[in-house]
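What follows is a single structure, written as structure tokens, with notes after it.
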Amino acid sequence: MADAPRTPSWSAHSPRPAARRARQSVVLVILGVVGFVVAVLVLTRPAAALDAEVHLLGSYMVVAGLLRIGRAQAGDGMSVLRRTIHGVLGVLVLVAGVIAVVHPPGQLSVWVFVISLAWFLEAAVILTGSTFSSARSLALVAAVLCICIAVALLLYPAIGVRAATASSAVFLVLLSAAQLFEGILTWVPPRFEEVVVETRPAGS
């Protein structure tokens, strides 16, 4: 009995798995490094400087939004619907990040809400952008940590500015570590992944 025809894992209309892995891995590594830098800056600033943290976290969101939009344009094997959702969420993250960075003084609660909303959106972006099964568990962890950062910021009137800034920075360190590990796992393909190229039989 002849073997059933094998379905190619890539075609002329979709990027090869290696290229997709490379792009997703680069995005994760960049975000992990930027997250560590922002977390260190937050932890080394005065505890009462919540306004400065909004600026710093907004800068992170600007970088994240641009990278997410780039991945959505590349496609990276995502369905059209998923790619569209990923791109739209990336744009919203970018807009929220820009607002947080350039916000005028005063009305701090409004800007904290904006940057917290950006972190909720980033959690959704992470879930829509995780492509490879070997790293999806870390993507879920990263999404949960984004939500933890948002909640910590929103609770600053109840827990105090010091606790809000410290806890959000710690969550950001954990998020950055998760993204770096996810980037490494994404870069290394699983053993079972193959690239199959279809060829037409001679004379057809």
*Can you work out which of the residues in segment 40-51 that are among the β-branched types (V, I, T) and open to solvent by 20 Å² or more (accessible area, probe 1.4 Å) is modelled with the lowest pLDDT?*
T44
*Residue that is surrounded by fewer than 18 Cβ atoms within 10 Å (Cβ to Cβ) and either more than 25 Å from A22 (Cβ to Cβ) or at pLDDT 90 or above (or both), where the choices are V102, V54*: V102
*Pairs, please: C-beta under 8 Å, at least 6 apart or cross-chain, first residue within 17 Å of L67 (Cα to Cα) and in segment 79-106, second open to solvent by 70 Å² or more (accessible area, probe 1.4 Å) and polar (S, T, N, Q)?*
G87/Q73
_Flag if V37 is modelled with pLDDT of 90 or more and closer than 17 Å to G183 by Cβ_ = yes
*Please find, among M61, M78, the residue that is touching an Asp or Glu at 6+ places or on another chain (Cβ under 9 Å) and either open to solvent by less than 50 Å² (accessible area, probe 1.4 Å) or part of a helix (DSSP H, G or I) (or both).*
M61
_Any residue that is assigned to a helix (DSSP H, G or I), among the hydroxyl-bearing types (S, T, Y), at pLDDT 90 or above and out of contact with any Asp or Glu (no Cβ under 6 Å at 6 or more places or on another chain) - is there at least one of those in segment 110-117?_
yes
*asked:* Against the condition open to solvent by less than 30 Å² (accessible area, probe 1.4 Å) and either assigned to a helix (DSSP H, G or I) or out of contact with any Pro (no Cβ under 7 Å at 6 or more places or on another chain) (or both), how does V144 come out, does it pass?
replied: no
*Is there a residue in segment 152-161 that is at pLDDT 90 or above and surrounded by 22 or more Cβ atoms within 10 Å (Cβ to Cβ)?*
yes
*Residues L66, L89, L117: which one is more than 19 Å from P157 (Cα to Cα), open to solvent by 30 Å² or more (accessible area, probe 1.4 Å), of a type outside the set (S, T, N, Q) and out of contact with any Cys (no Cβ under 9 Å at 6 or more places or on another chain)?*
L66
*When you go through (1) aromatic (F, W, Y); (2) at pLDDT 85 or above; (3) more than 19 Å from W119 (Cα to Cα) one by one for W10, which number turns out not to apply?*
(2)
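The values are calculated or read from the model by the stated rules, or taken from the named source; none is laboratory data. A quick note: this is a predicted structure, and the numbers were derived from the prediction, not measured. Ideal geometry is used to build each Cβ from the backbone, glycine not excepted, and the neighbour counts take in all protein chains shown. The protein model used for the area step is the full one, side chains on, heavy atoms only, and it has no ligands, DNA or RNA in it. Shrake-Rupley method; radii C 1.70, N 1.55, O 1.52, S 1.80 Å.
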